[in-house]
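Input: a single structure, listed below in structure tokens.
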Amino acid sequence: MTSSCETIRPLGIFDGAAAPAFHNSVSQALAQNPALVIIDFQETSFIDSSGLGALVSAQKKVRSQGKKLHFCNLNAQIEMIFELTSLDQAFDIFTTLDEAQQL
């Protein structure tokens, strides 16, 4: 486990309305200069195309700073959306938070 890790936990429905707060959370996390940013979807019930766009944008932002981005705790709906859009191939996805914390 790394001590240089920031975790973001989107709550409820992750859509266009939630995207600005999410982007702010990513910026705040990166301000802490972690080696790793984790998006923990345990409390996220649904994600739409706007939410996916926010995740792609976050990945670009995190990687542009030389950091890693991991996702964990996807529910069946989010997992299916990732697979249908092939984003499961683009993102580093882990089953649990403990697994995601490994660099």
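The values are calculated or read from the model by the stated rules, or taken from the named source; none is laboratory data. Predicted, not measured: the structure shown is a model, and the values here were computed from it. FYI the Cβ positions are ideal-geometry reconstructions off the backbone, even for glycines, and counts take in every protein chain you see. In case anyone asks, the SASA skips ligands and DNA or RNA and just uses the protein heavy atoms, side chains included. Shrake-Rupley method; radii C 1.70, N 1.55, O 1.52, S 1.80 Å.
Of all residues in segment 80-103, which are of a type in the set (F, W, Y) and not in a loop (DSSP other than H, G, I, E, B)? Let's see the steps before the verdict.
Residues of segment 80-103 of a type in the set (F, W, Y): 82, 91, 94.
Result: F82, F94.
Kindly indicate whether any position in segment 68-79 is modelled with pLDDT of 95 or more, of a type in the set (K, R), open to solvent by less than 80 Å² (accessible area, probe 1.4 Å) and not in a helix (DSSP H, G or I).
The answer is no; no qualifying residue exists.
Do we have any residue at all in segment 50-62 that's in contact with a helix residue (DSSP H, G or I) (Cβ under 9 Å, 6 or more places away or on another chain), assigned to a loop (DSSP other than H, G, I, E, B) and at pLDDT 95 or above? Break it down into steps so the answer makes sense when it comes.
Of the residues in segment 50-62, the ones in contact with a helix residue (DSSP H, G or I) (Cβ under 9 Å, 6 or more places away or on another chain) are 50-55, 57-58, 61-62.
Retained after the next criterion (residues that are assigned to a loop (DSSP other than H, G, I, E, B)): none.
No, segment 50-62 contains no residue that is in contact with a helix residue (DSSP H, G or I) (Cβ under 9 Å, 6 or more places away or on another chain), assigned to a loop (DSSP other than H, G, I, E, B) and at pLDDT 95 or above.
Among the residues of segment 1-25 satisfying the criterion of being touching an Asp or Glu at 6+ places or on another chain (Cβ under 9 Å) and among the hydrophobic types (A, V, I, L, M, F, W, C), which is surrounded by the most Cβ atoms within 10 Å (Cβ to Cβ)?
F14
Got at least one residue in segment 34-41 being without any contact (Cβ under 8 Å) to a residue 60 or more places away in the chain and either open to solvent by 70 Å² or more (accessible area, probe 1.4 Å) or at positive phi (or both)? Break it down stepwise before answering.
Let us first name the residues in segment 34-41 that are without any contact (Cβ under 8 Å) to a residue 60 or more places away in the chain, namely 34, 37, 39, 41.
Then keep just the ones that are either open to solvent by 70 Å² or more (accessible area, probe 1.4 Å) or at positive phi (or both); that gives none.
The answer is no; no qualifying residue exists.
What pairs come up if the first residue lies in segment 43-59 and is open to solvent by less than 10 Å² (accessible area, probe 1.4 Å), the second is of a type in the set (G, A, S) and part of a strand (DSSP E or B), and their beta carbons are under 9 Å apart, counting only those six or more places apart or on different chains?
Sorted first by the residue in segment 43-59, then by its partner, the pairs are T44/G12.
For segment 80-91, name all the residues that are farther than 16 Å from F14 by Cα and open to solvent by less than 20 Å² (accessible area, probe 1.4 Å).
F91
Does any residue in segment 21-33 that is closer than 14 Å to K68 by Cα come within less than 7 Å, Cβ to Cβ, of a residue that is aliphatic (A, V, I, L, M) and open to solvent by 10 Å² or more (accessible area, probe 1.4 Å) six or more places away or on a different chain, and which pairs are these?
Within 7 Å, the pairs are V26/I8; A29/I8.
I'm trying to understand the selection: among the residues of segment 31-52, which are within 13 Å of the chain's Cα centre (by Cα) and under 14 Å from S4 (Cα atoms)? Before the answer, list the steps.
Applying the first criterion (within 13 Å of the chain's Cα centre (by Cα)) to segment 31-52 yields 36-44, 47, 51-52.
The answer is L36, V37, I38.
Filter segment 29-49 down to the residues that are assigned to a helix (DSSP H, G or I) and closer than 23 Å to E99 by Cα and list them by number. Talk me through it step by step, then tell me what you get.
Applying the first criterion (assigned to a helix (DSSP H, G or I)) to segment 29-49 yields 29-31, 49.
Across segment 29-49, the qualifying residues are A29, L30.
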